[in-house]
1. What's the ranking of 85-97, 65-77 by average number of surrounding C-beta atoms within 10 Å, highest first?
2. Please give the per residue accessible area of the chain, computed with a probe of 1.4 Å over protein heavy atoms only, in Å².
3. Please list, in chain and number order, the residues 5+ apart from residue 59 or on another chain whose amide H is under 5 Å from its amide H, with Hs placed from the backbone.
4. Rounded, prolate or oblate: pick one for region 24-150, where a ≥ b ≥ c are the square roots of the eigenvalues of its C-alpha gyration tensor, a/c under 1.5 means rounded, and failing that, prolate if a/b is larger than b/c, else oblate.
5. Please tell me the relative contact order of region 10-150 in percent, rounded to the nearest whole number, where contacts are Cα pairs under 8 Å and at least six residues apart.
6. Place the peptides 8-14, 120-126 in order of packing, highest mean first, counting for every residue the other Cβ atoms within 10 Å and averaging per peptide.
7. Let me know the number of lysine pairs in the chain closer than 25 Å at the Cα, not counting same-chain pairs under 8 apart.
8. Residue 32: net charge of surrounding residues, Cβ under 15 Å, Lys/Arg +1, Asp/Glu -1, itself excluded?
Amino acid sequence: AERYLNNEEDYLRNPMPHVLQMWNSLQRVLDEKVNNIRMQECPLYSDDLMMAGRVDLIAEFDGKPSIIDFKTSSRHKSADEIEGYFLQATGYSLMYEERTGEKIDQLVILMVVEGSNDSIIFVEQRDNWVDLLRERRDEYFDYLNKKINS
């Protein structure tokens, strides 16, 4: 996806059949819904969150600035099963805002499923996830502090 979005001529290099099938479903979504790329595969960090990561893509999705994360799966999943993905995207959004001053509200998870011709698109609003992300971060740091002090 990164090579495709960078307009590289050889973006698809000798794929296995199952990879080609998943790529075809993702390519349609990219062509129809993604535009105005701000960054892709870029490291981000937050002094406030004390977190870092590498965002897959920040671009417009259906005309709205979005944090876009690509996922593969061996089966169809529901939104209830991918809470961690939304938390990850929320982190990227907060990191990006801290670094640039631009708030990005829309989170998009693009999932391709092996054996399926359709991508699954999950769209959420960042502010629905910020409190839970901070709670999980605090729980993690509490756990680390207990391990260090025991």
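1. On the way: 85-97: 22.6, 65-77: 17.2.
Result, highest mean first: 85-97, 65-77.
2. Details: 8730 Å² over 150 residues.
Averaged over the residues of the chain, the accessible area is 58 Å².
3. 38, 66, 68
4. Numbers: a/c = 2.36, a/b = 1.48, b/c = 1.59.
Oblate, since a/c reaches 1.5 and b/c is not below a/b.
5. Working: 221 pairs, mean separation 34.2, N = 141.
Relative contact order for region 10-150 comes out at 24 percent.
6. The packing order, highest mean first, is 120-126, 8-14.
7. Numbers: 33/64; 33/71; 33/77; 33/103; 64/77; 64/103; 71/103.
Lysine pairs satisfying the spacing and distance rule in the chain number 7.
8. -1
The values are calculated or read from the model by the stated rules, or taken from the named source; none is laboratory data. Given the structure is predicted, the values throughout are model-derived calculations rather than measurements. Note: ideal-geometry Cβ built from the backbone for every residue, glycine included; neighbour counts use all protein chains shown. Heavy atoms of the whole protein, side chains included, go into the accessibility calculation; ligands, DNA and RNA do not. Shrake-Rupley method; radii C 1.70, N 1.55, O 1.52, S 1.80 Å.
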